[in-house]
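Worksheet for the structure shown next.
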Amino acid sequence: MKAPDFAYARPASLDEALALLAAHGGDAVPLAGGQSLITTLNMRLAAPALLVDLNAIPGLAGISEADGVVRIGAMTRHRDVGTDPLVRERLPLLAAALPHIAHPAIRNRGTIGGSVALADPATEWPACCLAGEATIVVRGPQAERRIAAENFFLGLYTTALEPGEIVTAVEFPVPGPDAVWGFEELSRRHGDYALAGLAATARRGAGGLTGVRLAFFGLADRPVLARAAAAAIEAGDVKGAQGALSGELDPPEDPALRPATRLHLARVILGRVAGRMLDKPAQDGVPHAV
Amino acid sequence: MPSDAPDRDTAVAREHAVSFTLNGERVRCQVPARTHLGDLLRGTFGLTGVHLGCEHGVCGACTVLVDGRAVRACLMLGVQAEGATIETVEGLSESGRIRDLQDAFHARNALQCGYCTPGMLVTAAELLAECAGEIPSREAIRAAISGNYCRCTGYHAIVDAIATTAEARAARETAE
């Protein structure tokens with residue numbers, strides 16, 4: 001289908017973009033990579049009066065490191081995030097997630113800021129932000145706000161962004177030398193939405209894993225940190241962690257996949273990821289009948 | 001305003017002037033904001049090799065190169081072409097750059113109805129350019145074309161054609 005009629009502006013600065021959003025209120029939406037927004041326009045699921053294109057604003061894309069933090073500009077394309085040498089060295093979790101994000105042509109155009117602002121619960125970057133303890137940097141007409149990923153993703157396509165605010169960057173603390181990570185995603189077809197996904201980080205020492213963060217996606221209305229399961233992994237109890245998931249994840253009713261099956265898949269990928277982080281064989285088997 | 005300032009259109013409007021490089025030629029036109037790049041290329045420039053299948057980013061038939069990268073023409077607005085270098089399957093084939101790939105598709109019978117073929121060729125062209133003489137695995141080829149639907153061939157012949165082209169290019173580079 002064809003998109004409905006709308007106006008378009010391509011501001012040359014962030015201030016100009018924020019002013020346009022403020023002036024047009026809820027009738028205006030920012031356009032980042034457009035790989036979800038233009039889809040919804042073509043399908044006539046949205047009808048904004050004005051698109052404010054962020055693509056010509058200098059300084060919104062790019063990756064840099066300072067003071068133990070890797071800053072990824074919001075308009076950095078998926079592909080540029082995952083292939084960047086700095087990201088590959090410092091944040092290998094993100095590089096591992098990249099091939100799971102849709103297809104090459106989408107990754108060439110879609111942006112990390114757009115993905116984070118959209119907050120599709122089945123997508124990779126929001127879960128990576130949770131696992132990697134990222135800070136989402138947003139700018140509004142008045143000021144900049146810095147929001148921890150744990151406080152940013154609030155529900156289905158719902159974030160802590162206020163009307164008129166734009167995500168400007170995502171900042172990840174550089175993991176220490178003892179950091180380990182894991183990423184797993186199951187989908188029906190290559191590049192399709194996740195049936196179940198997991199982005200995980202931890203520190204590995206002589207006594208096992210500490211600081212385990214398990215960010216599941218595709219399993220609820222938002223990416224979810226499974227804290228009880230993480231505590232069980234820290235205690236070295238993978239089976240216990242798999243069992244704990246039923247109390248932490250509430251997979252949606254979906255005609256294509258029963259919630260119990262989705263939960264089963266979550267346990268399977270947790271077994272794989274935990275095995276890898278513990279440097280032991282994967283424990284794909286599940287403790288309970290589902 | 002100095003006269004040599006770039007002609008930046010930052011106004012709010014339902015229609016904009018755009019100028020960009022299309023298959024090696026500088027072009028200018030007016031385009032409504034709501035028109036996606038695929039419709040602009042087909043309607044205004046007659047480049048009907050840009051096939052429109054799903055128009056929501058799933059099928060890959062409309063894939064074109066924007067600044068050297070494969071992009072869905074249905075998921076980019078025509079007005080966003082401003083300043084870009086865009087190549088369609090027409091440009092790629094007329095320049096001879098993918099002659100070997102086209103020959104391999106022909107030889108291997110890697111198409112039946114042909115609807116997906118322009119998108120497949122453009123996607124494969126990006127993959128082959130990125131490989132720069134390295135031979136991608138069949139798995140890598142499958143991952144690269146995973147966003148391009150073909151409902152006729154079952155993909156095997158397409159993977160064969162891309163693999164054959166990669167091997168031939170690598171062999172040529174070694175020989176040179």
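The values are calculated or read from the model by the stated rules, or taken from the named source; none is laboratory data. All figures in this text were calculated on a predicted structure; none of them were measured in a lab. Cβ placement follows ideal geometry from the backbone for every residue including glycine, while neighbour counts extend to all protein chains displayed. These area figures cover heavy atoms from the full protein model, side chains too; ligands, DNA and RNA do not enter into them. Shrake-Rupley method; radii C 1.70, N 1.55, O 1.52, S 1.80 Å.
Rounded to the nearest 500, what is the protein assembly as shown's calculated 222 nm mean residue ellipticity when only DSSP H runs of at least 4 contribute -39500 (n - 2.57) each, over all residues?
For the protein assembly as shown, the value works out to -9000 deg cm²/dmol.
To the nearest 0.05, what FRET efficiency results for B:Arg151 and A:Thr158 with a Förster distance of 25 Å applied to their C-beta separation?
Approximately 0.10, to the nearest 0.05.
Excluding ligands, DNA and RNA, what is the solvent-accessible area per residue of the protein assembly as shown at a probe of 1.4 Å, expressed in Å²?
42
Would you work out the charge dipole size for chain A about its Cα centre, treating the Cβ of every Lys and Arg as +1 and the Cβ of every Asp and Glu as -1, and quote it to the nearest 20 debye?
Dipole size: approximately 680 debye.
Between A:Asn42, B:Gly78, B:Gly46, whose Cα lies farthest towards the positive end of the dipole of the protein assembly as shown when Lys and Arg beta carbons carry +1 and Asp and Glu beta carbons carry -1, centred on the Cα centre?
A:Asn42
Summing Lys, Arg as +1 and Asp, Glu as -1, what charge do residues with Cβ under 10 Å from the Cβ of A:Arg90 carry, A:Arg90 excluded?
Value of the local net charge: -2.
Dipole of region B:11-63, Cα-centred, from +1 at each Lys and Arg C-beta and -1 at each Asp and Glu C-beta, to the nearest 20 debye?
Approximately 120 debye in magnitude.
Summing Lys, Arg as +1 and Asp, Glu as -1, what charge do residues with Cβ under 9 Å from the Cβ of A:Gly218 carry, A:Gly218 excluded?
Here the charged neighbours net out to 0.
What number, in percent, do you get for the relative contact order of chain B if the mean sequence gap of Cα pairs under 8 Å and at least 6 apart is divided by its residue count?
Dividing the mean separation by the residue count of chain B yields 21 percent.
Please arrange A:Tyr193, B:Tyr155 by accessible surface area, largest first, computed with a 1.4 Å probe and ligands excluded.
These residues rank, largest area first, as A:Tyr193, B:Tyr155.
Give me the orientation-averaged projected area of the Cα convex hull of chain B, in nm², one decimal.
With every direction weighted equally, the projected area is 11.8 nm².
How far apart, in nm, are two points set 7 Å out from the Cα along the Cα-to-Cβ line at A:Asn151 and at A:Ala235?
According to this spin-label approximation, the distance is 3.0 nm.
How large is the dipole of region B:98-175 about the Cα centre if only Lys and Arg carry +1 and Asp and Glu carry -1, each at its Cβ, rounded to the nearest 20 debye?
Approximately 240 debye in magnitude.
Once Lys and Arg get +1 and Asp and Glu get -1 on their Cβ, which of B:Ala107, A:Ala241, B:Thr174 lies farthest toward the positive end of the dipole of the protein assembly as shown?
A:Ala241
What does the average come to when, for each residue of peptide B:54-63, you count the partner chain Cβ atoms lying within 10 Å of its Cβ?
5
Among A:36-45, A:62-71, how do they line up from the highest to the lowest mean number of other beta-carbon atoms within 10 Å?
Highest mean packing first, the order is A:36-45, A:62-71.
What percentage of the solvent-accessible surface of region A:179-277, computed with a 1.4 Å probe over protein heavy atoms, is contributed by carbon and sulfur atoms?
51
Please give the average number of partner chain Cβ atoms lying within 10 Å of the Cβ of each residue in B:80-86, rounded to a whole number.
The shielding value for this peptide is 2.
Shape of the protein assembly as shown from its Cα gyration tensor (a ≥ b ≥ c, root eigenvalues): rounded if a/c is under 1.5, otherwise prolate when a/b > b/c, or oblate?
Oblate, because a/c is 1.5 or more while a/b does not exceed b/c.
Interface B/A, total buried accessible area with a 1.4 Å probe, nearest 100 Å²?
Protein heavy atoms only, the B-A interface buries about 3100 Å².
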